[in-house]
Amino acid sequence: PLPSTQIGAPPALHTMAFWNHQTGLLPGEIKKQEEREKQAELLRQEQEAEKQRVVEKRQRLKELTVQLAKLEPLKEKDWDELTEDDEKQLEAEVELRREIAELTAALDNV
């Protein structure tokens, strides 16, 4: 047989690599592209999840702010007008304010 460097032999026949006829990419290139697409999809999913967490934090902050506002009329009652339920709600004010502060700080960092 003639070596591939001689006249009449197909050029570099023995070194031809298989490539995808539809994309024109070699298998290694296809694998790299699939990995990039997979990473891009994972990033998109993480960004979507983070966006959802921010929406949930904003909603929670609104709810807590409403709860805190509902406590204002209780603060104006005299101590002898307060019911046990009123007192429990007022005791929860510190926790409400703490959670509001945490959510506000978290949303400021977004």
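Structure values in brief
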quantity: Whole-Hz couplings from phi, Karplus 6.51/-1.76/1.60, listed for region 46-63; x for Gly and Pro; calculated: 5, 5, 5, 5, 5, 4, 5, 5, 5, 4, 5, 5, 5, 5, 4, 4, 4, 4
quantity: Mean Cβ count within 10 Å, highest first, over the residues of peptides 36-42, 67-73; calculated: 67-73, 36-42
quantity: Probe 1.4 Å, all protein chains present, accessible-area order of E81, E50, largest first; calculated: E81, E50
quantity: Summed side-chain charge close to A106 - residues other than A106 whose Cβ falls under 12 Å, Lys, Arg +1, Asp, Glu -1; calculated: -1
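The values are calculated or read from the model by the stated rules, or taken from the named source; none is laboratory data. What you are looking at is a predicted structure, and each value in this text was computed from that prediction instead of being measured. Cβ sites come from the backbone with ideal geometry, for glycine too, and all protein chains shown count toward neighbours. The protein model used for the area step is the full one, side chains on, heavy atoms only, and it has no ligands, DNA or RNA in it. Shrake-Rupley method; radii C 1.70, N 1.55, O 1.52, S 1.80 Å.
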